[in-house]
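Structure first, then comments.
The values are calculated or read from the model by the stated rules, or taken from the named source; none is laboratory data. Note that this is a predicted model, so its numbers are computed, not measured. Note that we place each Cβ from the backbone using ideal geometry, even for glycine, and neighbour counts take in every protein chain shown.
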There are 4 protein chains.
Amino acid sequence: MNVKLVSFTPNPEKIPAMAAKLTHSKIKPEDLGKTSDDELKAILNQVMNLGHTSVIEHTCFTFTISDVSRSLTHQLVRHRVASYAQQSQRYVDFKEPNYVTPPKIAENKKMKKAYDETMKNIWKEYNKLLDMGIPAEDSRFVLPNATCTNIMITMNARSLLNFFELRCCQHAQWEIRELANKMLKEVKKVAPTIFKNAGPACKSKKICPENKKDCPLYPK
Amino acid sequence: MNVKLVSFTPNPEKIPAMAAKLTHSKIKPEDLGKTSDDELKAILNQVMNLGHTSVIEHTCFTFTISDVSRSLTHQLVRHRVASYAQQSQRYVDFKEPNYVTPPKIAENKKMKKAYDETMKNIWKEYNKLLDMGIPAEDSRFVLPNATCTNIMITMNARSLLNFFELRCCQHAQWEIRELANKMLKEVKKVAPTIFKNAGPACKSKKICPENKKDCPLYPK
Amino acid sequence: MNVKLVSFTPNPEKIPAMAAKLTHSKIKPEDLGKTSDDELKAILNQVMNLGHTSVIEHTCFTFTISDVSRSLTHQLVRHRVASYAQQSQRYVDFKEPNYVTPPKIAENKKMKKAYDETMKNIWKEYNKLLDMGIPAEDSRFVLPNATCTNIMITMNARSLLNFFELRCCQHAQWEIRELANKMLKEVKKVAPTIFKNAGPACKSKKICPENKKDCPLYPK
Amino acid sequence: MNVKLVSFTPNPEKIPAMAAKLTHSKIKPEDLGKTSDDELKAILNQVMNLGHTSVIEHTCFTFTISDVSRSLTHQLVRHRVASYAQQSQRYVDFKEPNYVTPPKIAENKKMKKAYDETMKNIWKEYNKLLDMGIPAEDSRFVLPNATCTNIMITMNARSLLNFFELRCCQHAQWEIRELANKMLKEVKKVAPTIFKNAGPACKSKKICPENKKDCPLYPK
């Protein structure tokens, strides 16, 4: 899995702080840029502590993600406050086998061998269908959930906080949890104040929305 | 593919007409219900002709869909102004082979046989993984795009119009086009005025957004 | 303020329970309707307790609201997961004074008199502008925030839960809080399980997102 | 009215082109950055001509807007695919009269005088209420639609195209049309390919959604 933060709003923590200042003062918006960095930092800390996260919507992050399965992306694109561009299985052919192996399968040699064999056979059939003139959009019907895909995603910081609450959770599926953790690591580097408490709800909100009392991370 | 309209806003064409009347008159909202059916019908016709489709957002439709491929649903859930509930491959096992066969494969006996053989082998591996204690969420990595899935979807009428413009188009993928056509047929029965011009953009707007001049349906 | 629940998804608590069942079982969606009411009720209770509120998006509620101020609606329409139809100040004239008086002004006789006098003068000017041929869309520039307006709103149950968390809170502005409480009262009648814990976050989630420890409702 | 483009996605036309390339090729996303500027420009031109505007969602623009009326912002915030931060009339006092005068009133000396007089009286009452201890959130009930407000807005390029179609139209209200035109002028400077055909639907799509045949701009 490769996760790259390819772009984000310049001054990702200044813009939301300026937004917050705009809502509560008489200052001309044209003059917001003159606010000192210290004041902006203090404002951002305060709004984050109060949970007034609407202002962090003004900061957006764009990632490219590769070598993840279509299982993962089918879950990922369910997040609706986001923009996506995904590699098409209609317009791109996938002649070379390229797939994700779940750790629980990878760690067992025999199982892994059978899994690889199955994948080899699937791709043989896929290529055969292509060779017989079946369009890629139909040939792909044999391709597995494991098939690697590439995707670009843009989310604003508020939507990301929600994404992390759901997908960094212990009970999220392992692959999307790995993705969420990698994305979180990237955005923390450039927006440490916004994401200081980001993570599963037990970390960010000190609650377990699913009320799983047997989870080791259940907040005390 | 099974498509069933399981629920929709009662009086699906009256509510939008009442909404339209509310915006342009002094009438107390409490009295909107007294408007004659003829007047409401005339109002709805007018707003649809003017393209003022915001009012039809107040009418929602809920469908259940089964025996469609995961290829289809991965496209479907990209429509963000909608609500989904999809059969989980984490919590449900799919021990019995159940898959969609593209018509171009089905129509060739030899191809069909090889396709079925591949599916049989995939499911054999899937069941073997389950039997060896691999959780469903990991075993499913071998399952193909063709795997059948069930999904419930709720969309408002405006979002549906957009869905039909994109997915009833000749150039949409065949399976989702079939779904869109079936959904359109269902909603036309209960909301004929709203959906009278619904369909691909060449029908609904008399334009081809992709400007495909070689398409037989290109508007003249 | 008048609040009327004019329409909602039939069987508002059955549809979400069916959605939940669909996600976790092999049942054909066509057969979901055969599930017993007791089972559906148990399912809904469970998903609500787990906070799996995505399924309640399939139930929508439509309200008409009248005799509220434009201050209120300017806040209301900031909720983006919702549909609105509002009485237009461009296409409707408001010749008769009709406005909301804040309780803190109404309770002081002298203040109330001055307030009413101001309103009378504003409407005199409004009518004068109309009489001189100024279009309603420009004449309304003198009309106050207090001016009464009518609006229709459709929200799904999940978006409503969020609306109630924010707007039933003690710290919300009084007029929109009154609206939220009235809406909550209406939906509770028809969907008691969905909304059993609905209200401000201190009630629904046992947390205070703003961490206002001095609030009498601060959760212990 | 002041409109300032305060921030936008760096390389606003490269990111969408990279997104488009990702969907149709085997290239590793990590290598997208190596694509030549000429190729990216050609790709962007092609997707814009085909109307495949989903990729331009990856580019976002943030504006601050001041000296506009609350009439304008009440319309503006109805655009739901956007983020807003607006100057609060609950937390900021507006002791100094500051309001917008519609051109049709401004151009008539006598009318203008009466309008200014009304505003003066309104603000006198507003300040009186404040002085008597009425909170700003209640005192503002007398403030007019004309009252100036400040707002920050972030929209992605696709949502902006829609905004321009609706609000640059001859039939849009004059103040929001002026805003839309100013915003369009700003984004054209930094993303000329994305916005080359932007404007009312008669320009961008060569259709009149309202079918106003008597409009001088009706497309031939």
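Condition check for D:ASN150 on (1) over 30 Å from D:PRO200 (Cβ atoms); (2) at the interface with chain A (Cβ under 10 Å from one of its Cβ atoms); (3) touching a Pro at 6+ places or on another chain (Cβ under 6 Å): one failure, at (1). Tallying residues that are among the basic types (Lys, Arg) and within 20 Å of C:ASN156 (Cα to Cα) within the range C:29-78 yields 2. Contact map, the range D:171-191: first residue closer than 23 Å to D:HIS74 by Cβ, second residue hydroxyl-bearing (Ser, Thr, Tyr), Cβ cut-off under 7 Å, separation 6 or more or different chains; pairs are D:GLU175/D:SER69; D:GLU175/D:SER71. Only a single item in (1) in contact with a strand residue (DSSP E or B) (Cβ under 7 Å, 6 or more places away or on another chain); (2) within 20 Å of C:GLU57 (Cα to Cα) is not met by B:VAL68, and it is number (2). If the condition is being surrounded by fewer than 19 Cβ atoms within 10 Å (Cβ to Cβ) and either in contact with an Asp or Glu (Cβ under 7 Å, 6 or more places away or on another chain) or farther than 24 Å from D:HIS58 by Cβ (or both), then the range D:183-202 contributes only D:THR193.
Among the residues making up the range B:1-39, those that are surrounded by fewer than 16 Cβ atoms within 10 Å (Cβ to Cβ) and charged (D, E, K, R) are B:LYS26, B:LYS28, B:GLU30, B:ASP31, B:LYS34, B:ASP37, B:ASP38, B:GLU39.
For every residue, the table says whether it meets (1) of a type outside the set (A, V, I, L, M, F, W, C); (2) within 12 Å of D:THR147 (Cα to Cα); (3) modelled with pLDDT of 95 or more; (4) crowded, with 21+ Cβ neighbours inside 10 Å.
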site: D:ILE65; (1), (2), (3), (4): no, no, yes, yes
site: D:VAL68; (1), (2), (3), (4): no, yes, yes, yes
site: D:THR73; (1), (2), (3), (4): yes, yes, yes, yes
site: D:HIS79; (1), (2), (3), (4): yes, no, yes, no
site: D:ALA82; (1), (2), (3), (4): no, no, yes, no
site: D:GLN86; (1), (2), (3), (4): yes, no, yes, yes
site: D:ASN98; (1), (2), (3), (4): yes, yes, yes, no
site: D:ALA106; (1), (2), (3), (4): no, no, yes, no
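There is no residue in the range C:35-44 that is without any contact (Cβ under 8 Å) to a residue 60 or more places away in the chain and touching a strand residue (DSSP E or B) at 6+ places or on another chain (Cβ under 8 Å). In the condition set (1) in contact with a helix residue (DSSP H, G or I) (Cβ under 6 Å, 6 or more places away or on another chain); (2) within 14 Å of chain D (Cβ to nearest Cβ), C:LEU184 is compliant with all but (2).
When D:LYS128, D:LYS206 are checked against the criterion of being among the basic types (Lys, Arg) and within 30 Å of C:ALA172 (Cα to Cα), a single residue qualifies: D:LYS128.
Taken over the range A:24-44, the criterion of being assigned to a loop (DSSP other than H, G, I, E, B) and more than 7 Å from chain D (Cβ to nearest Cβ) is satisfied by A:ILE27, A:THR35, A:SER36. Name every residue in the range B:78-87 that is among the basic types (Lys, Arg) and within 14 Å of chain C (Cβ to nearest Cβ), in order of residue number. B:ARG80 - this is the single residue of the range B:78-87 that is among the basic types (Lys, Arg) and within 14 Å of chain C (Cβ to nearest Cβ). Is one or more of the residues making up the range A:10-23 more than 8 Å from chain D (Cβ to nearest Cβ), under 22 Å from D:ASN11 (Cβ atoms) and either outside any helix (DSSP H, G or I) or small (Gly, Ala, Ser) (or both)? Yes, there is a match, as at least one residue in the range A:10-23 is more than 8 Å from chain D (Cβ to nearest Cβ), under 22 Å from D:ASN11 (Cβ atoms) and either outside any helix (DSSP H, G or I) or small (Gly, Ala, Ser) (or both). The residue that is farthest from the other protein chains (Cβ to nearest Cβ), among those in the range C:88-147 that are assigned to a loop (DSSP other than H, G, I, E, B) and of a type in the set (Asp, Glu), is C:GLU107.
Identify the residue in the range D:47-59 that is in a helix (DSSP H, G or I) and free of Cβ contacts under 8 Å to residues at least 12 places away in the same chain and, among all such residues, is nearest to the other protein chains (Cβ to nearest Cβ).
Taking the range D:47-59 as the starting set, the residues that turn out to be in a helix (DSSP H, G or I) are D:47-50, D:53-58.
Remaining after also requiring free of Cβ contacts under 8 Å to residues at least 12 places away in the same chain: D:49-50.
Numbers: D:ASN49: 7, D:LEU50: 5 Å.
If we take residues in the range D:47-59 being in a helix (DSSP H, G or I) and free of Cβ contacts under 8 Å to residues at least 12 places away in the same chain, then D:LEU50 is nearest to the other protein chains (Cβ to nearest Cβ).
With respect to the conditions (1) over 19 Å from B:ASN2 (Cβ atoms); (2) within 7 Å of another protein chain (Cβ to nearest Cβ); (3) at pLDDT below 95, B:ASN156 lacks only one, and its number is (3). A:THR64 satisfies every condition listed in (1) polar (S, T, N, Q); (2) in a loop (DSSP other than H, G, I, E, B); (3) touching a Pro at 6+ places or on another chain (Cβ under 8 Å) except (2).
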